[in-house]
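K.L.:
Dropping the structure in here first, questions after.
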Amino acid sequence: MEVGIGAGPTRRRSLGFFAVCLGNFVIMLDTNIVNLAVPHIQESLGGSFSGLLWVVNGYTLAVAALILCGGAIGDRLGNDRAYRFGVLGFAVTSLLCGLAPGLELLIGFRLLQGVAAALLLPALLGLIPHLFADPAARSRAVAIWGSTGAAALAAGPLISGLFIDTLGWRAIFVVNVPICVGIYLLARRTITDIPRGPRRPIDGWGQVLAIAALGALAFALMEGPSYGWTSPLILAAGAIVVLAVPAFVVVQARSAHPLVPPRLFSDRRFTVAAVNGLVFQFVFFGTLFLLAIYLQTVHRTSALVAGLQLLPITIATALAPPLLTSRLMIERGLSVPVYLAALVGVPGFLLMLLCDATSPYWVLGAAMALQGLWSGLALPPTASLAVVSPPPGLTGTGSGVFNASRQLGGVLGVAVLGGIMSSADSVVTGMHIGMVICAVGVGVIALLVRYATVPASAG
């Protein structure tokens with residue numbers, strides 16, 4: 001017999017699943033909705049370029065650092081309670097972001113928004129097995145749930161541009177409030193009595209070291225260009241990273257309940273999936289950030305027009321998985337889509353070297369379409385590799401580690417490529433350097449998939 005909502009009427013289960021999908025849409029939307037708002041936030045609140053990077057990255061950084069701990073908390077509270085608490089927290093922090101009177105407070109509220117998202121994300125996926133007991137129905141539900149995230153990534157720039165041009169940049173945060181309140185009320189009525197999982201101990205020292213390492217790394221990368229790479233603060237941040245990372249590895253090896261079980265990496269396929277997830281997000285989110293700045297500062301487009309001009313990359317990203325990638329994965333395996341992705345992705349990123357202040361839009365549009373096709377081809381096989389490779393009993397933890405690596409990749413992509421753009425002679429030069437780095441990243445992903453899929457005896 002199904003538990004919780006699964007035992008109730010079909011309509012109630014459908015409404016509960018709608019609440020889950022809508023929550024996923026909102027969370028994923030906020031990962032890239034701020035890119036187009038950067039020039040407008042600077043005009044309104046002032047601040048340095050590195051400060052604006054914190055506005056973009058603070059949310060993702062908090063998610064990357066806390067998502068594994070969020071999963072353990074969800075097990076203790078029950079995923080239904082964790083979901084409701086997370087939704088309310090997301091609503092409150094979104095409102096605070098929209099009302100922030102200064103850049104420093106906006107950065108702080110974005111970090112808190114990421115904390116709420118880190119509680120929400122694990123609970124979202126954890127609710128699906130309780131909503132759908134039948135394996136076939138559950139698989140369809142997971143596919144639909146995943147497509148809502150892709151839809152959010154595709155719609156993010158357009159929604160952001162529309163709100164910024166009509167209501168101002170604060171609206172991109174405030175709009176979350178009524179949506180989250182609606183999700184909370186719907187979830188409270190339709191998702192109830194979900195049993196609590198085992199009370200997994202929380203790896204406190206591991207969590208502290210993870211926060212220290214990720215926070216110091218992000219600080220060094222984003223503030224290095226403004227403070228100077230040899231300044232005492234940047235050197236101190238680097239020292240924290242150098243000390244915290246090996247300490248984290250030691251703690252994970254000795255802990256009875258580690259955040260990141262070392263056994264996960266006994267299969268090189270999972271190691272490759274985690275690294276490729278990081279590199280993919282580095283390239284994808286770094287590219288979206290560079291394009292948003294380039295379109296609005298070099299071509300002087302409005303936020304809405306920039307959102308429309310970004311449609312080739314977002315639409316191709318959303319449409320490629322269901323129309324092409326899934327069939328290739330079934331018929332040709334996991335490696336072929338990634339190789340094909342590299343064949344279209346490398347030219348797509350290098351084509352951006354032809355783009356400057358006077359280049360026609362068709363060049364940019366063609367480049368972005370190829371980049372979107374690359375992302376739609378490369379991500380599903382990488383995610384599948386992360387799902388099938390963990391040892392028995394660690395599938396859920398492996399999924400959490402994979403998602404954490406992706407969030408970290410997004411932080412690094414915006415920090416590194418944004419820092420390069422701010423330090424370059426011009427926005428165009430910075431964008432060109434960033435696109436070359438992205439092309440290299442595309443090649444790295446393909447090479448690592450080759451390593452993961454070749455039998456060990458042949459490697």
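K.L.:
Assign one of three labels to the range 203-288, namely rounded, prolate or oblate, based on the Cα gyration tensor with a ≥ b ≥ c the square roots of its eigenvalues; rounded applies when a/c is under 1.5, prolate when it is not and a/b is larger than b/c, and oblate otherwise.
P.N.:
Verdict is oblate for the range 203-288.
K.L.:
While we're looking at this one, here's another question. For the range 203-256, calculate the relative contact order in percent as a whole number, restricting contacts to Cα pairs under 8 Å that are 6 or more residues apart.
P.N.:
Relative contact order for the range 203-256 comes out at 48 percent.
K.L.:
Enumerate by residue number the trypsin sites (Lys or Arg not before Pro) in the range 273-335 meeting two conditions: DSSP loop (anything except H, G, I, E, B), and at most 14 other Cβ atoms within 10 Å of the site's Cβ.
P.N.:
300
K.L.:
Looking at the range 149-242, which trypsin sites (Lys or Arg not before Pro) are DSSP coil and have at most 10 other C-beta atoms within 10 Å of their C-beta?
P.N.:
Of the trypsin sites (Lys or Arg not before Pro), the ones in loops of the range 149-242 whose Cβ has at most 10 other Cβ atoms within 10 Å are 199.
K.L.:
For 13, 450, what's the fewest-to-most ordering of other Cβ within 10 Å of each Cβ?
P.N.:
The fewest-first ordering by Cβ neighbours comes to 450, 13.
K.L.:
Starting from the Cα gyration tensor of the range 147-248, take the square roots of the eigenvalues, sort them a ≥ b ≥ c, and report rounded, prolate or oblate (rounded when a/c is under 1.5, otherwise prolate if a/b is larger than b/c, else oblate).
P.N.:
In terms of gyration-tensor shape, oblate.
K.L.:
Quick check for me: using +1 on Lys/Arg Cβ and -1 on Asp/Glu Cβ, what's the dipole size of the chain about its Cα centre, in debye to the nearest 20?
P.N.:
I would put it at about 1240 debye.
K.L.:
Where the centre of each part is set by its Cα atoms, how far does the range 266-283 sit from the range 319-350, in angstrom?
P.N.:
Measuring centre to centre over Cα atoms gives 17 Å.
K.L.:
Pairs of Cα atoms under 8 Å, at least six residues apart: use those to get the relative contact order of the range 1-201, whole percent.
P.N.:
Relative contact order here is 41 percent.
K.L.:
Now for a different question. Can you tell me how the range 1-201 classifies by the Cα gyration tensor, rounded, prolate or oblate, using a/c under 1.5 as the rounded cut?
P.N.:
Taking the square roots of the gyration eigenvalues as a ≥ b ≥ c, the range 1-201 is prolate.
K.L.:
What is the pair-distance distribution P(r) of the range 264-459, computed from all Cα-Cα distances in 10 Å bins starting at 0, with each bin given as a whole percent?
P.N.:
Pairs per bin, as whole percents: 10, 35, 34, 16, 5, 0.
K.L.:
Which one of 238, 211, 33 is farthest out on the positive end of the charge dipole of the chain, using unit charges on Cβ (Lys, Arg +1; Asp, Glu -1) and the Cα centre as origin?
P.N.:
211
K.L.:
Filter the trypsin sites (Lys or Arg not before Pro) in the range 40-104 down to the DSSP loop ones having no more than 12 other Cβ atoms within 10 Å, then list what survives.
P.N.:
Filter output for the range 40-104: empty list.
K.L.:
For the chain, build the charge dipole from Cβ charges (+1 Lys, Arg; -1 Asp, Glu) around the Cα centre, then report which of 225, 63, 443 sits farthest towards its positive end.
P.N.:
The residue sitting most towards the positive pole is 63.
None of the figures in this text is laboratory data; all of them are computed from the coordinates on show. As the structure is a computational prediction, the values presented were derived from the model and not from experiment. Ideal geometry is used to build each Cβ from the backbone, glycine not excepted, and the neighbour counts take in all protein chains shown.
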